[in-house]
Every structure is written in structure tokens, then in C-alpha cells.
1. Treating the angle as unsigned and between 0 and 90°, give the value, to the nearest 10°, between the Cα long axis of helix 108-132 and the longest Cα principal axis of the chain.
2. What does segment 58-118 give for Rg and for Dmax, in Å, if only its C-alpha atoms count?
3. Give me the angle, in degrees from 0 to 90, between the Cα long axis of helix 78-103 and the longest principal axis of the Cα atoms of the chain, rounded to the nearest 10.
4. Just name one of 82, 23, 61: the one whose Cα is farthest towards the positive end of the charge dipole of segment 23-103 (beta-carbon charges, Lys/Arg +1, Asp/Glu -1).
5. Computing the accessible area with a 1.4 Å probe over protein heavy atoms, can you report the carbon and sulfur percentage for segment 44-197?
6. Using a 1.4 angstrom probe on the protein heavy atoms only, line up 80, 155, 100 by accessible area, largest first.
7. With each label point set 7 Å from Cα along the Cα-Cβ vector, what nm distance links residue 38 and residue 100?
8. To the nearest 0.05, how large is the calculated FRET efficiency for residue 88 and residue 59 if R₀ is 35 Å and r is the Cβ-Cβ distance?
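The values are calculated or read from the model by the stated rules, or taken from the named source; none is laboratory data. The structure presented is a predicted model; accordingly, all values stated were derived computationally and were not measured. Cβ: placed from backbone, ideal geometry, glycine included. Neighbour counts: every protein chain shown. Accessible surface areas use protein heavy atoms only, side chains included; no ligands, DNA or RNA. Shrake-Rupley method; radii C 1.70, N 1.55, O 1.52, S 1.80 Å.
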Amino acid sequence: FNGCSKNENNTEESKVIPVEVTTVTTHSIDRTLEFTGTIEAWKKTNLGAQMPGTIKKIYVNAGDEVKKGDLLIQMDDAQLTQARVQYELAKLDYERMKPLLKEGSISPNQFDKIKGGYESAKAGYELTLKNTQIRAPFSGLITTKWMNEGDVFTLMPGAAGSPTILTLMQFNPVKILINIPESDISSISMGQKAMVR
């Protein structure tokens, strides 16, 4: 281009710039995001009872693998014996009163009270049984044994935080927790594949 000047001595050569024309298309661009994470157990639970008592027997040690439903801890069963006796007496009363209700010898109101007492005793017995025989809620590995046989278990928080006798973890599978910066959140979607190193 020559300028607007009327100076005729301006004989600058025109420069030719080679260009290439192409059609615009869309395609995917691979982008890799790398994060550091922490490997954690898929499930973790601290096992203890819902009522205080003496630990009679612990059937496992730290490092033992257990299956769902395995008996892990046996608590003192004095309360269980008492709860079972109350439940059995309430059950006998309930069974005796059922025919009397059909015959009309007792009122439905009286029967409802006996039935309520039976159901309450049954629930109390089942709760005491559950807290006397502590079983594995899922298959996994005993990672920590916080108390020993003969120790008195209380509902006070201990070294594990919550009142705990054993800690059970499931490591197959595991989960990896990562922190993703806000700027990368839009690049992450549910079900997206990831490579773990």
C-alpha cells in the first residue's frame, strides 16, 4: 500500500503474504486434568453397643478379615437374661389372652394393653440382644481394636471419637477423595472415566 501522500518518490514495494484457505470444522480436543487424592476405605464403621456394659469376649483382632453377620463382640448378658424373661412372660400373657378376646371374656381395650406390653418387651429384648452380641454389618477388615475383654464399655467418646470397641473397614472396592478447583468443575461429569496412578 502506498500512503495518501502526494510524494511520488514513495515507491515501497508491496509485500505478498501467502495464505491458505480451509473449511472450518469441529473436533474434540483431548485435555488431561491431574489431581492428587487420598485413598480411603469404601465403608468404615466404629462398632460399639448402644448401652453400657462389660465386654465379655472379643472374637477378633486387628488385621482379621470378617464376613457380614460374623459375631465380633459378646457383651455381658445379665441385662439380656432379664429382658428375655420379661419378653417370655409378656408373650405367655399375650398367647393366653388371644382366645379370651375371641370368646369375649376380656374387652378389646384390655387386650390392647397386654398386646402393647408384649410388643414393648419383644422390642426391648431384641435391642438388648443386638447390643449384647455385636455382629459385622458388612464384610471387611478389623483395622483397630480399641478395648479389651473385661473392659467396661461406656457411652462416653473415646480415642476413636465415638464410643468404640472395634473399627471395621471395607477395602474392596476403595474410594479416592480429590479436591477439584472451581475452574475445572465444568470439565468433570458423572460417570467420566479416570486413570489412577
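1. Compared with the principal axis, the helix lies near 60 degrees.
2. 19.8, 61
3. The answer is roughly 70 degrees.
4. Towards the positive end, the residue furthest out is 82.
5. On the way: 5370 of 10260 Å².
Accessible surface attributable to carbon and sulfur in segment 44-197 totals 52 percent.
6. Values: 80 15, 155 90, 100 55 Å².
Highest to lowest solvent-accessible surface, that is 155, 100, 80.
7. 6.2 nm
8. Efficiency at R0 = 35 Å is approximately 0.80.
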